[in-house]
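A short worksheet on the structure shown next.
Read-outs: derived from the displayed coordinates by stated rules, not from any lab. Since we're looking at a predicted model, the values are computed, not measured. Cβ sites come from the backbone with ideal geometry, for glycine too, and all protein chains shown count toward neighbours.
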Amino acid sequence: MSFSVEGLVNNLLIISAILFGLLMVVIHNQYERLHQKNNAKMDAS
């Protein structure tokens, strides 16, 4: 999609795609951290 547009819209599409990817990584890391805490609690009991 970004190959068919030019100028500012192209830059906005690229930046929004990068931010979306970054958001997915942050959500994934938080989920992994929560999952590890739950596993540690299960192992301790």
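Of note:
- Extension gain (nm, one decimal) between R33 and L13, 0.36 nm per residue minus Cα-Cα: 4.2 nm
- Annotation for the chain: chymotrypsin sites (Phe, Trp or Tyr not before Pro) lying in DSSP loop with at most 11 further Cβ atoms inside 10 Å of their Cβ are F3.
- Relative intensity of the chain on a log10 scale, I(q)/I(0) at q = 0.27 Å⁻¹, equals -0.86, per a Debye sum over C-alpha point scatterers of equal strength in the absence of solvent.
- Counting only alpha carbon atoms, the long axis of helix 8-44 and the longest principal axis of the chain meet at about 0°.
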